[in-house]
Structures are given as C-alpha cells and as structure tokens.
C-alpha cells in the first residue's frame, strides 16, 4: 500500500512553532546549481586541484575541504612564525583556498538570482521557532537579512553578537526584546558565513544581500580566517569535525538535544553519514515528524520511515509534498 503524501497546508498547524531541519534538497529547490553537495567532487571534475593537494586529501582520508584548508593554513602560519623556509606548504594552502573559492563561485547562485524567492522562504521559516540548516550555502542567511526590512514583528536570531562572536548562552535569545515573535537559526554543519581565525576564535562574517558572498571570499583571501563548515565525509569524520569546533559542538550537544515535540524535515535524504543528527535528538521528546517528499518518491518514504523509527522510536510520521503550496519557495508572503 503506497504512503499517503499530503499537501503541506493540511498538516502545517500541527508543526507550527516547532523545529525544521533543512537539507540539500531545500537549496536545490532554490537553485539547481547547489545540487553539487560535494565541493571536492566538483573541484576534481573541473580540474582545479593540483596533484600534491589531492595527496593531502588521500593522506588524511577525508573529503572535507575545510579540514584540509585549515591544516595547511595552520602549518603555513607555524612555518612563517618560526621562519622555516617552506614555500611548498604555503603554495598548497593557496591552491586549496583558491580551489575552494572557485568551486563556491561556480556553484553558488548570486543574490539577484534568488532575490525573488526570499519572501516565500521567509514566510515559511518564520512559522518555526528553530531552524537547523545543514547547508553550507547562504540561502538561510539571506532570508534572515531579508527579514530585517519586513515590519511584521518577527525576528530571526542566529545567536551571534554584534562583534561577530557566538554567544553560547543561546537559549536567552528565545526571549523577545523589541520583536513579538522570533526564530532561532543554527548551522549544525557550519556555513560559508562562519569562520575561525589563527587562534581558533569562531566568528560570523557580516554583510547584507549581494555583498555577502564577495565579503566572505575576500576575507578568505586576506589569510586571516578559514571557513567553518563540514560538507563531506562519513559519520565518524563529520562527528570528529564537529567536536573540533566550539560552535558546532555546542549546537550538536545542546541545541539538537533540547526539548521539542515536533520536527519538520525538508529536503534531507537521511543518509547514513548524517544519522548522528537524529541520534542526538532521540531523547528530545519528539513525538511527530513531517517529512517532505519530492515527486511521490515512495522508496524514499519507506527509507525515511525506517530511519526515523530506528533512531527516534515509535513516532508518528507525516509525509507532505515538497512542491505543495505554502512550503519553502511555494509559500505566499504576507503583505504587511
């Protein structure tokens, strides 16, 4: 018997003010170019990586661009501080950095390409009290900054302060100040907008609209920071990368494990390499999960049901059409 796939608006009231988790399918719905989930795969296909850089990925048994970039950046900084004559390490760092910049440039949409979809995305996401974005791209960040000009009494907060540092007392941001309602946003696998400096301080790069992507890439080229995101690897590799970051580990330990009764999943394949996220939420009190389904994919419904019940226990699972009215890019913005 096939699984019943409902329109989003039929189940939306049951998930209002709950948690939503966004996977790569959400980004692809906005821009198909973001279907390149693997930046390393793209860089290899485009012939961007030198042989010695590929050797680094092989030596460390990883596909994680951020890890390799950070390692060669740190090694280069140490060599320079000790006045060790070694141009090869610095050259490797520059090559990895420039490959990453070019890969991001090639696959990431420009702000003007997605501008018209931001009002719908804003309207959809403001219906949740917590957004967990697994995507390294800037779509959620752009949605947040778009909302700054919407006078509807709602505010998105990512718990980073005016000085760009993360406030680990994140739960205090649930309190309303000048807004009537709010939504907290977290990046369990990091984001292009997050970075860390030479002494491991983790920061957010600030800029609005079309200037943000350019600001991020320019900051990388200044050699003062490296990006903070985990886009590749097996589950143990991803967990190891998460534990190496204060921000990511705080989101992993505290935010994912915090109490919630409902979870909405949009555009997430629930692959084996990402089940660590569900494992962290297994004791958070979830009783009901809504899962987006693209084009009546019954095999995915079966996989999702099996995975969710295995990791979260005996819960109710509702399937909804990813392209139905009211959800994500198909949400209708409210004129205020």
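Read the figures in this text as sums done on the coordinates, not as results from a lab. Here the structure is a predicted model, which is why all the values come from computation and not from measurement.
Relative to the longest principal axis of the Cα atoms of the chain, helix 298-312 runs at roughly 80 degrees. Between helix 87-107 and the chain there is an angle of about 30 degrees, using the helix long axis and the longest principal axis of the Cα atoms.
Relative contact order of the stretch 68-214: 23 percent, from C-alpha pairs under 8 Å at least 6 residues apart in sequence. Note: relative contact order over the stretch 40-107, using C-alpha pairs below 8 Å and six or more positions apart, is 42 percent. To test your reading of the geometry: what angle, between 0 and 90 degrees and rounded to tens, separates the Cα axis of helix 65-81 from the longest principal axis of the chain? The two axes meet at around 30 degrees.
Tell me whether the stretch 189-336 comes out rounded, prolate or oblate; compute the Cα gyration tensor, take square roots of the eigenvalues as a ≥ b ≥ c, and use a/c under 1.5 as the rounded threshold. Show your work: numbers first, answer last.
On the way: a/c = 2.19, a/b = 1.43, b/c = 1.53.
Taking the square roots of the gyration eigenvalues as a ≥ b ≥ c, the stretch 189-336 is oblate.
What does the C-alpha gyration tensor say about the overall shape of the stretch 192-253? Classify as rounded when a/c is under 1.5, otherwise prolate if a/b is larger than b/c, or oblate. Judged from the Cα gyration tensor, the stretch 192-253 comes out prolate (a/c at least 1.5, a/b above b/c). With Cα atoms defining each centre, the stretch 295-336 and the stretch 49-89 are spaced 41 Å apart in the structure.
Quote the relative contact order of the chain in percent (integer), defining contacts as alpha-carbon pairs under 8 Å separated by 6+ residues. All intermediate terms of the calculation are to be shown ahead of the outcome.
On the way: 550 pairs, mean separation 86.6, N = 336.
Worked out over the chain, it gives 26 percent.
Please say if the chain is rounded, prolate or oblate, where rounded means a/c under 1.5 for a ≥ b ≥ c the square roots of the C-alpha gyration tensor eigenvalues, and otherwise the choice is prolate for a/b larger than b/c and oblate otherwise? Display every interim value, and only then the final one.
On the way: a/c = 1.75, a/b = 1.51, b/c = 1.16.
It is prolate, given that a/c is not under 1.5 and a/b is the larger ratio.
Just checking the listed ones, 177, 146, 111: in the Gaussian network model of the chain with Cα springs under 10 Å, the one fluctuating most is 177.
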